C-alpha cells in the first residue's frame with residue numbers, strides 16, 4: 001500500500017489495467033487523458049468512483065502532487081507536460097515496469113518492428129507443449145499486469161518500443177530484437193532513436209537472441225547469445241541448411257513441413273526455436289508446434305483461391321518493413337506475380353525501400369487511402385498502378401488484373417485509421433469481400 005500518488009495517463013486498456021492493479025493494492029491514484037471524451041471514460045468512472053480524473057488535456061494540477069507517472073504506451077513521454085514533470089525528478093514508468101517490479105517467474109521478452117506477435121505466440125505454444133504453465137501477452141492480447149499469477153511458471157511477452165521506453169527493472173531470462181526497420185517515424189526523430197528504444201529489451205537479460213541478417217538487432221553485452229539467420233548457420237546459430245531449419249550442422253525440420261509459406265515466416269520459426277532453445281526447451285515439442293501452427297489472422301493469411309488466383313490478407317503490414325517482408329516472402333514462393341493492395345495512413349514513412357521488391361515481384365499495385373498519391377510518386381510509373389476509393393473497389397481492380405498463378409496481397413505498409421477502426425477491422429472487411437467474390 002502506498003499513499004504516494006500515482007497518476008495514470010491514458011484511459012485505454014493499458015491504463016485500465018494499470019489503474020486496477022494499483023487500486024487493488026491500495027495505492028493512491030489519479031487518472032488523466034488528453035481526449036475530451038475517452039471511449040472508456042464511463043468504465044473508469046464506474047470502476048474507480050472515488051478517484052480524481054481529468055480529461056481534455058494533460059495540463060492539470062494532479063501532476064503537481066504526483067510521486068510517479070504511469071504512462072500508457074499510446075501516450076508519448078515527449079509530451080511537454082510529461083517531460084516537464086520528468087525533469088523535476090518524477091519517475092515516468094509504464095505497465096511493463098510495474099510488472100517487472102512484481103514478477104518472480106522467468107520472462108522471455110520479444111520485440112522488433114515486425115513478427116513480434118507471431119513469434120510470441122509460437123514461443124508460448126512451444127512452452128506449453130514442453131509442459132510449462134506459460135502466460136503469454138503484453139503488447140499482444142492480455143495486458144501484462146492482468147497476467148500476473150502465482151501459478152505461472154514463465155512469461156512470454158511481446159513488447160513494443162513505446163513500452164520499453166518506460167521500462168527499467170525487467171531482467172529477462174531470454175530477450176530478442178527480431179528486426180529493426182523504420183516505423184513510428186511520427187514519434188521518433190531518427191531510426192537510431194527508435195532502434196535504441198528496442199535495444200532496451202536486452203538490458204539485464206541472461207541470453208540475447210539476435211538476427212544475424214539485421215545488424216541493428218546486435219547486442220554484445222549479454223552473458224550469452226544465440227543467432228538466427230536465413231543463411232547457412234554457424235555454431236550456436238539457427239538457420240537454413242539443405243532446405244531444412246537447422247541448428248549449426250543439425251537438421252531439424254524440412255521447410256516444406258511448415259504450414260505457412262514464405263521466407264519471412266521461416267525467419268519467425270527460426271527465431272522461435274532460438275528463443276525456446278535458449279530457455280532450455282527440447283527440440284521435439286517445439287518442432288511439433290511448427291508442424292501444426294497455421295499462422296495468426298491478418299499476417300499473410302491465406303483466404304481463398306479463385307480462378308487460379310490466391311488471395312492473402314496481410315492487414316497487419318502497417319509499416320514498410322512488414323510489407324517488404326511479405327512481398328519478398330510470398331513473391332519467392334509463387335509461380336506468378338503479386339497484385340499488391342497498399343495505402344492508408346503513412347506515419348511519415350519513407351516508402352522508397354519498397355520499390356525493389358515491388359518491381360521484382362508485382363504485376364500491378366492498387367493504391368488506397370491517404371498515402372496513395374505519396375506511394376504512387378515513389379513507384380513513379382516503374383510498375384502499373386491504379387487508385388481505388390474503397391477497399392471493395394481495390395479488390396475488384398485486383399480481381400480484374402490478376403492472371404492464373406498470381407496472388408493478390410493486401411499488405412498496406414500503412415496504418416488503417418483513415419478508413420477503418422484498426423488493422424483487424426481492415427483485414428476482416430478484406431476477408432469478407434474476398435469470400436464474396
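Relative contact order, whole percent, for the chain stands at 11, derived from Cα pairs under 8 Å and 6 or more residues apart. Using only the alpha-carbon atoms, how far is helix 423-436 inclined from the longest principal axis of the chain? Give it as 0 to 90 degrees, nearest 10. It works out to around 30 degrees.
Between residue 149 and residue 360, what length in nm is gained on full extension when 0.36 nm per residue of separation is reduced by their alpha carbon distance?
71.0 nm
The simple Förster model, with R0 at 60 Å and r as the Cβ-Cβ distance, assigns residue 3 and residue 291 a FRET efficiency of 0.65. Here the contact order of the stretch 301-436, divided by its residue count and restricted to Cα pairs under 8 Å and six or more residues apart, works out to 39 percent. Taking other C-beta atoms within 10 Å as the exposure proxy, 119, 434 rank 434, 119 from fewest upward. Counting neighbouring Cβ atoms within 10 Å and putting the fewest first, the residues 194, 23, 202 line up as 23, 194, 202. Taking 18 Å as the cut-off, the amide N atoms of the stretch 213-236 that come nearer than this to a point 7 Å along the Cα-to-beta-carbon line of residue 283 belong to 226-236.
Axis of helix 116-129 versus longest Cα principal axis of the chain: the two differ by about 80°, to the nearest ten degrees. Give the shape of the stretch 308-437 as rounded, prolate or oblate, defined through the alpha-carbon gyration tensor: a ≥ b ≥ c are the square roots of its eigenvalues, a/c under 1.5 means rounded, and otherwise the shape is prolate if a/b is larger than b/c and oblate if not. The shape class here is rounded.
Per residue, the chain reaches -9500 deg cm²/dmol at 222 nm when only DSSP H runs of four or more residues are counted, each adding -39500 (n - 2.57).
Taking other C-beta atoms within 10 Å as the exposure proxy, 198, 316, 24 rank 24, 198, 316 from fewest upward. Net length available on complete extension from residue 196 to residue 306 is 35.1 nm, with 0.36 nm assigned per residue and the Cα-Cα distance removed. Post the alpha-carbon centroid distance, the stretch 27-44 to the stretch 214-232, in whole angstrom. Here the answer is 41 Å between Cα centres. Rounded to the nearest 10 degrees, the inclination of helix 263-279 to the longest alpha-carbon principal axis of the chain is 40 degrees. Whole Å is fine, so just give me how far the alpha carbon centre of the stretch 364-437 lies from that of the stretch 72-96. Each part's Cα centre sits 38 Å from the other's.
All of the numbers you see were taken from the coordinates with simple rules; none came from a lab. Predicted, not measured: the structure shown is a model, and the values here were computed from it. Quick reminder, even Gly has a Cβ in these numbers, built from the backbone with ideal geometry, and neighbours come from all protein chains shown.
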